[in-house]
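Notes follow the structure.
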Amino acid sequence: MTPSPHTLPRPTILAIETSCDETAAAILTGDGKIAASVLASQHDVHGRFGGVVPELAARRHIETVETIVAETLQRASLTWPDIHAIAVTRGPGLAGALLVGVSVGKALAYARHIPLIEVNHLDGHIASAWMDQPDFPTPCIALVVSGGHTHLYLVRSDGALQLLGKTLDDAAGEAFDKAAKILGLGYPGGPAIDRLARSGRATAVKFPRPYMGPGSLDFSFSGLKTALLYHWRDHGTPERPDAVADVAASYQEAIVDVLVEKAFRAVRRHHACALAVVGGVSANSRLRAQLSVRAAGAGIRLAVPPLALCTDNAAMIAVAGQRAYLEGRRAGWDLEATADLPLPVAAGVPPSSVRAAGARST
Ligand code: KG4
Ligand code: ZN
C-alpha cells in the first residue's frame, strides 16, 4: 500500500535556485531545519550595466553552481547519501539562467538515483512566510513583491491560492530598479533607494499614488516611474546628495503607500486575520515599518520573512520542494526550464488540489 503524503517521513532536500542573478543552493533536513543555505550574488557582473544581462547571468551560473552545491553539502556536514531528493526552480525567471539550475538538478538527481522535484519560484517566495512562523494562519492574504511580480493572493485554509490582483505593467521591484537607474544609484536599485531614502524627506516631492480606483486590487507603477523621470529631468540636482535622497524617499513612499493600501484593502475585503508579504521588495525597511504599524492597528498577524529570505535564495525552494515531495509530486527527466511558468491558482470557486507550497492548514 502506498503511504499517504502525511505518513511519509520528511526527506532531506537539496535545493538549487538559479532563476535570476543569484546562484543558490540549500539543504533542508527531515526535521525541518535549514542545515545550510549558500548564495553567490552576481551584482558585480551586472552592476555596470544597470540591470541583469541574461546571457551573463547564465554564464556565471554555469561557472558557480557546482561550487555552491559542494559548499552547501560541506557546510551542512552532509554527504550525497544523506540527500533524499533534489528540488529545483523550474520558473518563472530568465530562461538561460533557469536552464542551468534545471540541467544541474536533473543531472545530479539522475546520477544519484534520487527523485527530482520542480518548484515554482513564487511558491518558494510564499513558502518563506511560513519558515519563521510555522503556525501562521490561513486563510490569509499574501502579497508577492519582487523584481518580476507584484501579485496579491488569498491563501485559502486548504492552501489553495486565489489571485486577487496583480500589476498591469511594472513590478514593484522593477519600479525601484528603474528609478535607481534614472537617479544614477546603480544596481540593484531597491536596496540603493532604501538606503538613501533614510536620509531623505518622504514629503519633499509629491509623486502620484496609483490606486487605480477605490475598489481595485491591481497595481500599476509605470506612470509613477514616468513621473520620476520627468521630475528628475526638469528639477534633478544630481550634484546635491540631499536632493537625491529627498527624491528617493518620496518615490519609495509612493510605492510603499500603494503596496500597503492594496494589501489592507484585500485584508478587509476578505475579512482576513493575517497578511504575508514576501519577495525581494519585502526587504524594504520603510515597507516593513509601515506594514507593522498597519497590522498592529488592524489587529492582524503579519509575516514578513527575515531579510536573508526576502530576496532570492534556495532555502525557500527547499521548503516548497519538501512539501511537494510529501504531496507525491515528482518531476520527470524531461523537465524543462519555463521562463513564464504561471503559479497555479484556483478560480473563484472552491479549490480542488491546487496548493500553495508554504501554506499550512489551520
Ligand atoms: O525576489 P527577488 O530577489 O528576485 C525576483 O524574484 O525578482 O527580488 C528582487 C527585487 C529587485 O527588484 C530589488 O531591487 C528588490 O527586489 N529589492 C528591494 C530591496 N531589496 C531588494 N526593493 C526595495 N527595497 C529593498 N530593500
Ligand atoms: Zn524572487
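The values are calculated or read from the model by the stated rules, or taken from the named source; none is laboratory data. Since we're looking at a predicted model, the values are computed, not measured. Cβ: placed from backbone, ideal geometry, glycine included. Neighbour counts: every protein chain shown. Keep in mind that these areas ignore ligands, DNA and RNA; they rest on the heavy atoms of the full protein, side chains included. Shrake-Rupley method; radii C 1.70, N 1.55, O 1.52, S 1.80 Å.
General observations
- Antiparallel %, DSSP beta bridges [both residues in the chain], to 5: 55 percent
- Stokes-Einstein translational diffusion, the stretch 146-256 - Kirkwood Rh over all Cα pairs, 1.306 mPa s, 10 °C, in µm²/s: 109 µm²/s
- Packing-based ranking, highest mean first, of 16-23, 235-242 given that Cβ atoms within 10 Å are counted: 16-23, 235-242
- With N counted as the residues of the stretch 290-329, its alpha-carbon radius of gyration over 2.2 N^0.38 Å works out to 1.64.
- Between the stretch 264-330 and the stretch 174-216, the Cα center-to-center distance that results, in Å: 21 Å
- Between amide H atoms placed 1.01 Å from N, distances below 5 Å from Val205 occur with Ser250, all of them 5 or more places distant or on a separate chain.
- Computed from backbone phi with θ = phi - 60° and the Karplus coefficients 6.51, -1.76 and 1.60, the 3J(HN,Hα) list for the stretch 127-140 is 4, 5, 5, 8, 5, 8, 10, x, 9, 4, x, 10, x, 8 Hz; x is used for glycine and proline.
- Shown in residue order for the stretch 14-23 are the 3J(HN,Hα) couplings computed by the Karplus curve 6.51 cos²θ - 1.76 cosθ + 1.60 at θ = phi - 60°: 9, 10, 10, 10, 9, 6, 9, 10, 10, 9 Hz (x for Gly and Pro).
- Residue-normalised convex hull volume from the C-alpha trace of the stretch 206-353: 187 Å³ per residue.
- Label-point separation in nm, Thr226 to Asp82, each point 7 Å along Cα→Cβ: 5.5 nm
- Take the Cα of Arg10, step 7 Å toward its Cβ, do the same at Asp31, and the gap between the two points is 1.1 nm.
- Largest accessible area first, the listed residues His125, His270 line up as His270, His125 when surface is computed with a 1.4 Å probe on the assembled protein chains.
- Overall Cα dimensions of the stretch 6-144 - principal axes, largest extent first, Å: 48, 40, 23
- Between the amide H of Leu164 and those of Leu152, Tyr153, Leu154, distances stay under 5 Å, these residues lying 5 or more places away or on another chain, with hydrogens modeled in the peptide plane.
- Intensity falloff of the chain expressed as log10 I(q)/I(0), Debye formula with alpha-carbon point scatterers, at q = 0.08, 0.09 Å⁻¹: -0.39, -0.49
- Per-residue [θ]222 nm for the chain (sum of -39500 (n - 2.57) over DSSP H runs n ≥ 4, rounded to 500): -13500 deg cm²/dmol
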